[in-house]
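The structure under discussion is supplied below as structure tokens; questions concerning it will follow.
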Amino acid sequence: MIGKTLMISVAALAMLTACSQKTTPAVSATEQALCDVWQGSLPSRSRSDTAQTVAEIGRAYNAFEAACQRKIE
């Protein structure tokens, strides 16, 4: 009985430890290539952009950054 309790405790501790570690999922070469192409197709900003254009570009940049986990510079 003590062995079973100890094993359950060790298993629970291992699960908690694994869950507490912050890991970044691996990005495949295909995903990397897709993000590279997507980033290259994003519109650029201009001083002459209208308020609507600024909002649309902002949404496009936000979607890209969320999906690809990288900032647009």
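The values are calculated or read from the model by the stated rules, or taken from the named source; none is laboratory data. Because the structure is predicted, anything quoted here is derived from the model rather than measured. We place every Cβ from the backbone using ideal geometry, glycine too, and count neighbours over all the protein chains shown.
Within the bounds of region 43-53, is there any residue that is closer than 19 Å to E73 by Cβ, in a helix (DSSP H, G or I) and modelled with pLDDT of 95 or more?
Taking region 43-53 and keeping what is closer than 19 Å to E73 by Cβ, we get 43-47, 49.
Filter again for in a helix (DSSP H, G or I), leaving none.
No, that holds for no residue.
State all residues of region 54-71 that are surrounded by 11 or more Cβ atoms within 10 Å (Cβ to Cβ) and not in a helix (DSSP H, G or I); if no residue qualifies, say none.
Matches in region 54-71: Q69, R70.
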